[in-house]
Amino acid sequence: MNTTKILLIYTGGTIGMVKDKKTNTLVPVEISEIFKHVPELKLFNYQIDTISLKPLIDSSNTTPDFWKNMLKTIKQNYFLYDGFVILHGTDTMAYSASAMSFMIENIDKPIIFTGSQLPISEIRTDGRENLLTAISIAASKLPNGEATVPEVCIYFENKLFRANRTSKYSTDQFKAFKSPNYPLLANVGIDIAFNFPYIYYPSKHEVLFHEELNQNVAIIKLFPGIQQNVIDSIMSIEGIKGIVLETYGAGNAPTNDWFLRSIKKAIEKEICVLNVTQCLIGSIKMGIYETSREMLQLGVIDGKDMTTEAAVTKMMYVLSKGFNYQESRYYLQHSIRGEMTED
């Protein structure tokens, strides 16, 4: 009988932090220190190997180059392991996990991101359970031997989420993440209860790794009183190719002439403008109100119920593929990795 093999990729984050006695700040430790605090890891009947991405970082320092390094590590080991667990800081975990979901096409193995709100060295840490259960999920198989959850996911505080449907919700609760517009993939108690109808099972196509991302994107979050020079300065950035526009409610924005002119000018320059809501729950419904109808007529792209994290990483991915403007618009407004609810 073949032994299940799991690769644990350690990037840093709170789970691997200890307090520096000189500065009184949290600093990262090596993966071996994490293992010392979780002796239960030895009880698994799996082969668990580890790789640390150096330098270990606070996730606030995450960059697309960091994602590319992570992808390279997964690619090099993809056919050697049954599943992957990535230890990552919580602040940008939803961005990194969403990016991986777009950078890996036709995935057929679980890649589970997890971390903690309290360091693993703390008595009350949430990291121990998060790590142990993430490994259990990564190793889980169906009766036919295939992975139970062949997706990029986030596991945190008894819940398994689709990565590109997830946002960080709380700075100080153990329930740090939510998937507001898509059901849980699993709920964990005494048993791991998988929500099979909502797990995506891939077609039998070759897995593809997409290493390029176009970083010429920006996020504009609207607020009452936003000034024209702020919008215009972002729209006129040299080389800008895409803008994620965080609007009010169901996709609404000011109808000021200057605002609509700025949007029109950007679209005429073939800058993709993608509309997502500032609300945690719900979807863009462009055209219902006058305040979104005019943007729809100008060619602003309907982001439906995508999270901002999914929207910006999807845009980086789509704009890197060499598509023409209309092709890019098409892929941005349709689901390619289960990141949005289609009408």
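Structure above, values below:
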quantity	calculated
From ILE199, ILE192, residue being more than 25 Å from MET340 (Cβ to Cβ) and either over 19 Å from the mean Cα position of the chain (by Cα) or not assigned by TED's automatic domain parsing to the domain that holds ILE240 (or both)	ILE192
Some residue of segment 1-24 being aliphatic (A, V, I, L, M), surrounded by fewer than 18 Cβ atoms within 10 Å (Cβ to Cβ) and within 24 Å of ASN106 (Cα to Cα)	no
Condition broken by PHE209, with the remaining ones in (1) under 23 Å from TYR330 (Cα atoms); (2) modelled with pLDDT under 95 satisfied	(2)
Total residues in segment 231-266, condition touching a residue at least 40 places away in the same chain (Cβ under 8 Å), aliphatic (A, V, I, L, M) and in contact with a Leu (Cβ under 9 Å, 6 or more places away or on another chain)	3
Residue check for ILE237: of a type in the set (Val, Ile, Thr), in contact with a strand residue (DSSP E or B) (Cβ under 8 Å, 6 or more places away or on another chain), over 22 Å from ARG337 (Cβ atoms) and not in a loop (DSSP other than H, G, I, E, B)	no
Search result, residues across segment 265-297 that are surrounded by fewer than 16 Cβ atoms within 10 Å (Cβ to Cβ) and over 28 Å from the mean Cα position of the chain (by Cα)	LYS265, GLU268, LYS269, GLY287, ILE288, GLU290, ARG293, GLN297
Matching residues, segment 301-331, being of a type outside the set (S, T, N, Q), touching a strand residue (DSSP E or B) at 6+ places or on another chain (Cβ under 7 Å) and either over 22 Å from ILE107 (Cα atoms) or in the same structural domain as LYS68 (by TED's automatic domain parsing) (or both)	ILE301, ASP302, GLY303, ARG329
Counted residues, segment 126-153 - those being closer than 18 Å to THR11 by Cα and touching a helix residue (DSSP H, G or I) at 6+ places or on another chain (Cβ under 8 Å)	8
Yes/no for PRO150 being more than 26 Å from GLN117 (Cβ to Cβ) and not in a loop (DSSP other than H, G, I, E, B)	no
Hits in segment 281-307 (condition: more than 13 Å from TYR248 (Cβ to Cβ) and in a loop (DSSP other than H, G, I, E, B))	ILE281, SER283, GLY287, GLY299, VAL300, GLY303, LYS304, ASP305, MET306, THR307
Count - residues of segment 189-208 that are more than 20 Å from ASN164 (Cα to Cα), touching a residue at least 24 places away in the same chain (Cβ under 8 Å) and surrounded by 12 or more Cβ atoms within 10 Å (Cβ to Cβ)	1
Among (1) touching a residue at least 24 places away in the same chain (Cβ under 8 Å); (2) of a type in the set (D, E, K, R); (3) in contact with a strand residue (DSSP E or B) (Cβ under 9 Å, 6 or more places away or on another chain) - the single one LYS175 does not satisfy	(1)
Unmet criterion (only one of (1) surrounded by fewer than 22 Cβ atoms within 10 Å (Cβ to Cβ); (2) in a strand (DSSP E or B)) for PHE161	(1)
Wholly enclosed helices (runs of 4 or more DSSP H) of segment 1-109 bearing at least 2 residues free of Cβ contacts under 8 Å to residues at least 24 places away in the same chain and either touching a Cys at 6+ places or on another chain (Cβ under 9 Å) or more than 24 Å from PHE161 (Cβ to Cβ) (or both)	31-37, 64-77
Within segment 26-45, considering residues that are of a type outside the set (A, V, I, L, M) and surrounded by 17 or more Cβ atoms within 10 Å (Cβ to Cβ), the one modelled with the lowest pLDDT	PRO28
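The values are calculated or read from the model by the stated rules, or taken from the named source; none is laboratory data. Predicted model only: the values in this text are computed from it and were never measured. Because the Cβ atoms are built from the backbone with ideal geometry, glycine has one as well, and the counts that use them run over all protein chains shown.
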